[in-house]
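The values are calculated or read from the model by the stated rules, or taken from the named source; none is laboratory data. Remember, it's a predicted structure, so these values are computed and weren't measured experimentally. Cβ placement follows ideal geometry from the backbone for every residue including glycine, while neighbour counts extend to all protein chains displayed. Only protein heavy atoms, including side chains, enter the accessible area calculation; ligands, DNA and RNA are left aside. Shrake-Rupley method; radii C 1.70, N 1.55, O 1.52, S 1.80 Å.
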Amino acid sequence: MHKKIQKIHPTYTCPFCRLNIISSKKTEVFYRSHWINGCNDCFALSINQLTMIDFQEKNISLDFAS
């Protein structure tokens, strides 16, 4: 008998939309002159000309020192 091997993917929580994503699928999001790890959807919102202003006004608590 062989045991089925389960792949366990580490997850990452996007600080903007609070969505849990696979850690290897995170991307950097441009937010208030900083690049912060986030999800692809938030990345698209941060660079789209129509949604960029509203996205940049979001208040999230991040430690930019790290």
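Miscellaneous remarks
- Listed residues ASN40, THR27, GLN6: farthest to the positive end of the dipole of the chain (Cβ charges): GLN6
- Most to least packed among 24-30, 11-17, 48-54 [average Cβ atoms within 10 Å]: 11-17, 24-30, 48-54
- Taking the Cα centre of the range 1-42 as reference, the dipole from Cβ charges on Lys and Arg (+1) and Asp and Glu (-1) amounts to some 280 debye.
- Accessible area in square angstrom per residue, the chain, 1.4 angstrom probe: 84
- Förster radius 30 Å - calculated FRET efficiency between ASN59 and ILE8 (Cβ-Cβ, nearest 0.05): 0.35
- Per residue, the average separation of C-alpha pairs within less than 8 Å and at least 6 apart gives the chain a relative contact order of 22 percent.
- Reachable lysines, given that their alpha-carbon falls under 29 Å from the alpha-carbon of LYS7 and they are not under 8 places away in the same chain: LYS25, LYS26
- Environment charge of ASN48, counting only residues whose C-beta is closer than 15 Å and scoring Lys/Arg +1, Asp/Glu -1: -2
- Dimensions in Å of the chain - Rg and Dmax from alpha carbons: 15.3, 57
- When cysteine pairs in the chain are screened for C-beta atoms closer than 4.7 angstrom, the residues that find no partner are CYS17, CYS42.
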